[in-house]
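Comments concern the structure below.
The values are calculated or read from the model by the stated rules, or taken from the named source; none is laboratory data. Computed from a predicted structure; not experimentally measured. Cβ placement follows ideal geometry from the backbone for every residue including glycine, while neighbour counts extend to all protein chains displayed. Please note that ligands, DNA and RNA were not included when accessible areas were found on the heavy atoms of the full protein model with its side chains. Shrake-Rupley method; radii C 1.70, N 1.55, O 1.52, S 1.80 Å.
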Amino acid sequence: MIELLNILYYYSKINCEEVITLGIIYIGDRATGKTSLALELTNPKYNYVRITNCQYQDLKDKLFRDGEIQPTAALNSLYENSLQVEVQLPAGAKNLSVNWVDTPGEVWRKSWRKDNPDNWQKLLNNIQESEGIILVLPPYREMPSLNSSVDSSLFPTKEQWCQRFQRWVNFFQFECPKAQQITICLNKADLFCNIEKEESELGYHPRHNRKGWFERHSYVKQRYFKVVQTQLDQISSATEGAPVRCFITTIHNRSLLELPWLYLASQL
């Protein structure tokens with residue numbers, strides 16, 4: 001399933017005279033765990049990021065069937081949900097009004113686009129108006145740290161992963177000209193690293209952060225994105241210098257889960 005989070009982010013200055021609207025798109029390939037990430041964000045056990053208008057169990061009941069998350073049907077190209085996200089920053093809370101639009105994986109195929117031109121254009125219009133992007137990626141089979149107990153056949157090969165990454169670079173170049181911030185999340189971190197150790201390195205602590213946002217990015221880039229470092233540089237060039245920041249995420253560690261949202265709320 002491919003999910004799209006189109007976030008309308010509203011916040012007022014102290015004098016409450018001006019409201020700024022920003023858009024954030026949440027995208028990725030099939031079976032990367034995007035729905036699970038969004039669902040876990042509603043968990044009432046949170047640190048600095050929480051959903052204020054949706055109950056965890058209600059959303060889980062809506063998304064699950066027979067104990068599994070259901071894929072978005074190809075014939076129903078858009079499912080819309082409204083979420084209110086509150087992000088606590090040192091300067092105070094920022095509230096994000098979220099329009100979450102689920103789309104099937106088929107939308108990225110040329111045949112689907114040809115048969116559904118109106119829906120594809122609607123999706124493109126949302127993407128092209130977005131200032132921020134969250135791209136969620138799976139691990140790849142040859143990752144040195146991938147847990148040996150994991151069925152590696154569930155993930156792409158290194159070559160496939162790199163080829164797909166280059167297609168995302170091209171996508172950013174041609175379809176996301178207004179992006180101001182791009183965050184790339186290597187998901188399911190619990191399968192390829194010690195998430196408690198990485199939390200200690202990367203976790204967000206307003207008064208005593210071990211690393212700033214760029215230092216976090218550099219750390220993750222060096223450890224987990226070595227095979228596409230050249231392409232990462234290409235993304236900034238392709239989008240007129242939009243900052244690219246890399247993260248690792250998992251539903252099994254709240255600190256790592258919240259980091260991309262904290263970053264975007266603090267930067268946009």
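A few notes on this one:
- Using a probe of 1.4 Å, the accessible surface attributed to residue 148 totals some 120 Å² when neighbouring protein chains are kept in position.
- Its Cα centre serving as origin, the range 180-234 has a Cβ charge dipole (Lys and Arg +1, Asp and Glu -1) of approximately 100 debye.
- Zone of residue 68's modelled label, taken as backbone nitrogen in the range 105-145 under 16 Å from a point 7 Å along Cα→Cβ: 105
- By accessible area, using a 1.4 Å probe on protein heavy atoms only, the range 168-268 has 45% of its surface on carbon and sulfur.
- Filter on 197/221; 178/221; 62/114; 60/188; 188/221 - keep pairs with C-alpha separation over 22 Å: 178/221; 62/114
- 1.4 Å probe accessible area per residue over the range 136-195, in Å²: 47 Å²
- Share of alpha-carbon pairs per 10 Å distance bin for the range 137-209, given as whole %: 16, 36, 30, 18, 0
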